[in-house]
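Asks: Here it is, the structure, as structure tokens.
The values are calculated or read from the model by the stated rules, or taken from the named source; none is laboratory data. This one's a predicted model, so the numbers in the text were calculated from it and none came from an experiment. Note that each Cβ is placed from the backbone with ideal geometry, even for glycine, and that neighbours are counted across all protein chains shown.
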Amino acid sequence: EPEVTQTPSHQVTQMGQEVILRCVPISNHLYFYWYRQILGQKVEFLVSFYNNEISEKSEIFDDQFSVERPDGSNFTLKIRSTKLEDSAMYFCASSEAPGRGEQFFGPGTRLTVL
Amino acid sequence: QQQVKQSPQSLIVQKGGISIINCAYENTAFDYFPWYQQFPGKGPALLIAIRPDVSEKKEGRFTISFNKSAKQFSLHIMDSQPGDSATYFCAASSRGQNFVFGPGTRLSVLP
């Protein structure tokens, strides 16, 4: 069964450092998403991406964040200068088409900012 | 208006019992309502979803009831099992775009 994969599973970084979180969406999916979940809290939308551009972003997704699809398979989230409050689980998701609704989530990357 | 409210925050049910989790929304543009199940350390996994043109959808032991006029929907887990112990999130979206998640319900099913 196809699945969304994410690497690394856990990333520890110092405050102010740049991190790149990587995702490989399901191969025939065209829409990609990043969500985050602060420990014990709800899942929050960050950004959606289609046709090599951002479709929609939340107020959380400020200038510190960027997304990219550098090749045909990877989808990355970059945080330029991490802050303590960026510590969270980051989930990548993909869907075949937004109208179908189903978004499939990866296992997440736990980001710890020290 | 983008909020999705969810209750209860936590739920303890005996094995074989019925687990009921409720959600409410405000945005009438929402047209897709999924439920996700999340185990510790894992990503959310789609459990069941409904669109507002039907009032109920059943898949195995899981049923979504949808009340469009009240802007409420609920998840019923029949014959709850210890393996169902997880956190359940309701969500809503418009045109399948970004999901707005509820705060989650931690379900514990006692053996």
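Asks: Scan the range A:1-36 for residues that are among the hydroxyl-bearing types (Ser, Thr, Tyr), crowded, with 16+ Cβ neighbours inside 10 Å and closer than 11 Å to A:Leu111 by Cβ and jot them down.
Replies: Within the range A:1-36, A:Thr13 is the sole residue that qualifies.
Asks: Just to confirm my filter: which strands (runs of 3 or more DSSP E) fall fully inside the range A:23-114 and include at least 1 residues that are of a type in the set (Val, Ile, Thr), out of contact with any Gly (no Cβ under 9 Å at 6 or more places or on another chain) and more than 13 Å from chain B (Cβ to nearest Cβ)?
Replies: Hits in the range A:23-114: A:65-68, A:75-79, A:109-113.
Asks: While we're looking at this one, here's another question. Report whether or not A:Gln41 is in contact (Cβ under 8 Å) with a residue 24 or more places away in the chain and either of a type outside the set (Ser, Thr, Tyr) or out of contact with any strand residue (DSSP E or B) (no Cβ under 6 Å at 6 or more places or on another chain) (or both).
Replies: So A:Gln41 does not fit the description; no.
Asks: Anything in the range B:38-79 that is within 11 Å of chain A (Cβ to nearest Cβ) and of a type in the set (D, E, K, R)? List them, or say none.
Replies: Answer for the range B:38-79, where residues must be within 11 Å of chain A (Cβ to nearest Cβ) and of a type in the set (D, E, K, R): B:Lys42, B:Arg51.
Asks: Name the residue that is surrounded by the fewest Cβ atoms within 10 Å (Cβ to Cβ), counting only residues in the range B:5-35 that are modelled with pLDDT of 95 or more and under 13 Å from B:Phe99 (Cα atoms).
Replies: Here the residue is B:Tyr25.
Asks: Out of the residues in the range B:80-111 that are among the hydrophobic types (A, V, I, L, M, F, W, C) and under 11 Å from the mean Cα position of the chain (by Cα), which is nearest to the other protein chains (Cβ to nearest Cβ)?
Replies: The selected residue is B:Phe101.
Asks: In this structure, does A:Glu96 turn out to be over 27 Å from B:Thr105 (Cα atoms) and in contact (Cβ under 8 Å) with a residue 60 or more places away in the chain?
Replies: yes
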